[in-house]
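Data first, discussion second: the structure below is written as C-alpha cells.
Every number here is computed from the coordinates shown, using simple stated rules; none is lab data. Since this is a predicted model, take the numbers as computed values, not measurements. Quick reminder, even Gly has a Cβ in these numbers, built from the backbone with ideal geometry, and neighbours come from all protein chains shown.
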Amino acid sequence: MTSPKLLEVKNLRVEFPTRRGTLVAVDDVSLEIAAGEVLGVVGESGAGKSMTGAAIIGLLEPPGRIASGEIRLEGRRIDNLPYHEMRRIRGRQIGAIFQDPLTSLNPLYKVGDQLIETIQTHLPLTHAQARDRAVKLLEDVGIPSAAERITHYPHQFSGGMRQRVVIALALAAEPKLIIADEPTTALDVSIQAQIIQLLRRLCREHGTAVMLVTHDMGVIAETADRVAVMYAGRIAEIGPVQDVIKRPHHPYTVGLMGAIPAMGHKAERLTQIDGSMPRLNAIPKGCAFNPRCPKVFDRCRVERPDPMPAGNSNAACWLVAKEPAHV
Amino acid sequence: MSKTPMLSVTNLKRVFDVSAPWLNRMLEGKGRSIVRAVDGVNFSIDKGETFSLVGESGCGKSTVARLIVGLYEPSDGSINFEGVEIGQAATRAKHPEIQGRMQMIFQDPYASLNPRWRVGDIVAEPLRFRRLLKSRAEIQTRVGELLAQVGLSPLDARKYPHEFSGGQRQRISIARALAGEPEFLVCDEPTSALDVSVQAQILNLMKELQRKLNLTYLFISHNLAVVYHVSDKVGVMYLGRLVEWADTQTLFERPLHPYTRMLLDAIPDLDMTGRARTPVAGEVPSPLNPPPGCSFHPRCPLANERCRREVPKALPVEGGAVACHAVEENRLPPWKTQAAA
C-alpha cells in the first residue's frame, strides 16, 4: 500500500432515472479521506451531500444508481461489488450513523441484543465475549451503568443516549471509516456538544476516519480537518477547514459564511444569497450557482468549472482560474 | 417604568394532564401524572421590540407562545395586552379586536399551509374571516400588495403551496400573518426548518418588516445565534421556568445563570476551530418528574443544599433578572470574557 488514502472517490455521478428524465443528484464528485481524518461535507438541503454518503456505503435507494465514477476503499474498488460482498464491508469497514437515532435502532430488540448481533456478524466472538464487548462499547460512549442498560429497549433511552447507542453500534466492528449523516441535527444544543466531543474522542482513540455530513457549519468548524462545500450535486469548494471558513474562494462559500448569524458582532443585516438552490430538474447551464452569484460573468453561464487550486483549497469557480478564458 | 408594556405576562402557568386512562390507573394503581409545561413565567414586551425565548426542547417555550395567542388557556396567571386582561378564554372572547392585532407564524411552512388552497386564498383568509375588505377586487389587490411586501410576485397568488420552496412558503406564512394588519407577531421557530442562506433571507425580511410596520415580536427559538441577531431582550427557559432574562447585550456578554452559561458554551463557533469545549454534563430531566428545588441543580456545577431544596426566586439584576441561589449568595465565578477582540 503506497497510498495513505483510506477512501478515494473519483468522478462519482449518482443518477435517478424518472419518467420525466434523468435527475443527477451527485455530479462528478471527487474526494479522498486519509486514515483517521475527519472530512466535513456541508451544504444545504438537496446539495447531494447525503446522497454522496449513501453511495459510498452502498445504500442508495433504488432507482438511484451510481452512473459513473469509482469508489475505492484502501485501493479496492467497492462501488461495483455484489450485494453480499458489500454487506460484509458495511459495518465491518464502513460504519454509519444517521440523523434520527430512533429510526436507526430496532424498537423491538434490546439495545444489547442489537449490539451483540452486529458484533457477532462481523467478528469471530462467542456470545459471552460479544456481550462483554457490547458493555465495553456502551461504557466507551458514556452510557452510565452500561451492564444494566444493555437489557433496555431503545424507547427507554433519551435522544442523546440513543445517539450514543447508535455510535456504539457504528463502532462495534472497529470500522476504518464512519459515515455520519447529520448525527447531531435531531439533538438539543447541549446534547449536540456532548455528541460531537464524543465522536471526536472516539475517532482519535480508535484512529477512525469520519465523513461528517451536516448542514451546520459550526459543527464542521469544531470537528473536521477538511471540509467539502457542496452545491447542486457538485463540490463547490474543498480544503482545510480553517482556509475554507476564513478565506473562502467560491462566492457560494462566501455567501454561506455571511448568512450564519455570528455571535459577538451584531450586524443589522445578514448577508443573504438571493434565490434558492435549483431543483434537480432545472440545474442551470454552466456553473450551477451562476443565477445567484454576485460575481457572475459570461464564462460562468456557458462553461462548467471543475475544482481548481485556490490557495490551500480547491474551488470550482472561474474567478480563481489561472489561465485566461479560452473561448 | 412610566409607559405600560404592550404585553405583560404574570405568573403564567399551564399544566397538562398526561395520565393514563381511568381504568388503567385503577388496575395498575397509578396516580395522575401532570406535566407543568409552563410554571410561573413573568415577562413583558414593549412596543416595537423583539423579545426572544430560548431553551432546549421541552422547556415550554412553544407553550408560552400558544398561551399568548390563545391556542391554549392558561391554568393560572394573567396575560395583559395593553392593560386589558386576556388570560382566560372568556375574557379574551370579549375583546376580538385584540385577537385581531396578534398573529402567529409557525415553524413548519410545509404543515402550516393548506396544500389544497391557492396561495391567494391562504393569504386572503384573515381578510375574509374578519371581513376587513368586502369586494373581490379589493381583496385581490391587497393580497398582491401583501405578497409583494414579502418579496413574492402578486402573480404567485394563483399557485399552490407545493410550487414553492421552504423559504418561499415561510414568506407566504408571513404574508398571511400580516394580512390582518397585526401589531404583535408570535413567531414560533420561524427559521428552524430552513437552510442557512434562506434563514438569512427570512430574518432580514422580518427585521425589515418590523421597521416598516412597527411590529412587536415574540420570537421563539432554540438557536442562540439567531436569537442574538434578532432580539432586543432575551429570556432563557428551563423546564417551564424563566431562569434568566436580560437585554441581549447583557445576556450574551455577562450571562449569570449557570444554565445560560452552559448554553452559550455549547454553541459551536466558527472561530473556535479545533478547540475543545468545556464538557457539558447531563440532560434535561423529564418534565413529568422534575427535580425538587431549582430544576437545574442536577446539572449545575454550583449546586448546593439550598438549590436542591428551595426554588429560586427571580432576582432583579442590572439589565434583567435571574433566578439562581448562587447569584443571590454571590458565589458565582466570573464569566470568562471572550478573548476575541
To the nearest 0.05, what FRET efficiency results for A:K10 and B:S44 with a Förster distance of 45 Å applied to their C-beta separation? 0.15
Rounded to the nearest 20 debye, dipole of the protein assembly as shown from Cβ charges on Lys, Arg, Asp, Glu: 960 debye
Can you give me the long-range amide H partners of B:G40? Hydrogens built in the peptide plane at 1.01 Å from N, cutoff under 5 Å, separation of 5 or more residues or another chain. B:L12, B:K13, B:R14
Length gain on complete extension for the stretch A:S45 to A:E174, per 0.36 nm per residue less the alpha carbon to alpha carbon distance? 43.4 nm
Please report the relative contact order for region B:1-231, taking Cα pairs under 8 Å with a sequence separation of at least 6, and give it as a percent rounded to a whole number. 24 percent
Over what distance in Å are the Cα centres of region B:132-146 and region A:74-143 separated? 60 Å
Just want the answer: with Cβ charges of +1 for Lys and Arg and -1 for Asp and Glu, which residue in B:S33, B:V119, B:N80 is farthest toward the dipole's positive end in region B:1-231? B:V119
So what J values fall out for region A:92-99 if you push phi through Karplus, 6.51 cos²θ - 1.76 cosθ + 1.60 with θ = phi - 60°, rounded to Hz, Gly and Pro as x? 6, 10, 10, x, 9, 10, 10, 4
Mean residue ellipticity at 222 nm from the helices of the protein assembly as shown, using -39,500 (n - 2.57) per DSSP H segment of n ≥ 4 over the full residue count, to the nearest 500 deg cm²/dmol? -9500 deg cm²/dmol
I need the calculated FRET efficiency for the pair A:L102 and B:A111, taking r as the beta carbon distance and R₀ as 25 Å, to the nearest 0.05. 0.80
Contact order normalised by residue count of chain A, Cα under 8 Å, 6+ apart, percent: 20 percent
Quick one: length gained pulling B:L315 to B:L288 fully straight, 0.36 nm per residue minus the C-alpha distance? 7.1 nm
In whole angstrom, how far apart do the alpha carbon centroids of region A:1-59 and region B:168-228 sit? 35 Å
Which of the lysines could be linked to B:K61 by a straight reach, that is with a Cα gap under 26 Å, when you skip same-chain ones fewer than 8 residues away? A:K266, B:K13, B:K47, B:K207, B:K233, B:K313
Per-pair calculated FRET efficiency, R0 = 22 Å: A:L125 and A:T151 via Cβ, rounded to 0.05: 0.70
Whole-Hz Karplus couplings 3J(HN,Hα) for region A:244-253, θ = phi - 60° and coefficients 6.51, -1.76, 1.60, Gly and Pro as x, run 5, 6, 8, 10, x, 9, 6, x, 5, 4
What residue among A:G258, A:F16, A:V141 has its Cα farthest toward the positive end of the dipole of chain A, where the charges are +1 on Lys, Arg and -1 on Asp, Glu, each on the Cβ? A:F16
For labels at A:R76 and A:D274 in the simple 7 Å Cα→Cβ model, what's the distance in nm? 5.3 nm
Long-range amide H contacts for B:T50: which residues qualify at under 5 Å (H placed 1.01 Å from N, peptide plane, sequence gap of 5 or more or a different chain)? B:Y217, B:D232, B:K233
From the phi of every residue in region A:227-235, what ³J(HN,Hα) in whole Hz does the Karplus formula 6.51 cos²θ - 1.76 cosθ + 1.60 yield, where θ is phi - 60° and glycine or proline is x? 9, 10, 9, 10, 9, 6, x, 10, 7
Where nothing but the Cβ of Lys and Arg (+1) and of Asp and Glu (-1) is charged, how large is the charge dipole of chain B around its Cα centre, in debye to the nearest 20? 700 debye
Tell me the label-point distance for the pair B:E28, A:E117, using the 7 Å Cα-to-Cβ offset, in nm and rounded to one decimal. 2.6 nm
Check A:A310: other-chain or 5+ apart residues with amide H under 5 Å from its amide H, H built from backbone geometry? A:A315
Test of understanding: in a Gaussian network model of chain A with alpha carbons linked when under 10 Å, which of A:D274, A:D27, A:D181 would top the mean-square fluctuation ranking? A:D274
For region A:37-140, what is Rg from Cα atoms divided by 2.2 N^0.38 Å, rounded to two decimals? 1.25
Using a Gaussian network for chain A with springs between C-alpha atoms less than 10 Å apart, which of these wobbles most: A:P284, A:P175, A:P63? A:P63
Would you mind computing Rg(Cα) / (2.2 N^0.38 Å) for the protein assembly as shown, counting N as its residues? 1.02
Total formal charge among the other residues, if their Cβ is under 11 angstrom from that of B:L53, Lys/Arg +1 and Asp/Glu -1: 0
Charge dipole of the protein assembly as shown about the Cα centre (unit charges at C-beta), most positive-ward option of B:A246, A:P183, B:I105: B:I105
Treating the angle as unsigned and between 0 and 90°, give the value, to the nearest 10°, between the Cα long axis of helix A:159-171 and the longest Cα principal axis of chain A. 90 degrees
Once you list every other residue whose beta carbon is under 11 Å from the beta carbon of A:N290, what net charge do they have if Lys and Arg are +1 and Asp and Glu are -1? +4
Hey, got the average number of other protein chain Cβ atoms within 10 angstrom for residues in B:222-234? 3
Along Cα→Cβ, 7 Å out, is where each label goes; now give me the distance between the ones at A:D306 and A:Y109 in nm to one decimal. 4.4 nm
Add +1 for every Lys or Arg and -1 for every Asp or Glu among the other residues with Cβ under 14 Å from the Cβ of A:V135, and state the total. +1
Taking 0.36 nm per residue of sequence separation and subtracting the Cα-Cα distance, how much length would be gained by fully extending the chain between B:D232 and B:Q249, in nm to one decimal? 5.3 nm
If you take each beta carbon of peptide A:269-281 and count the beta carbons of other chains within 10 angstrom, what is the mean? 5
Within the set B:W245, B:W22, B:W117, GNM on chain B using Cα springs under 10 Å gives the largest fluctuation to B:W22
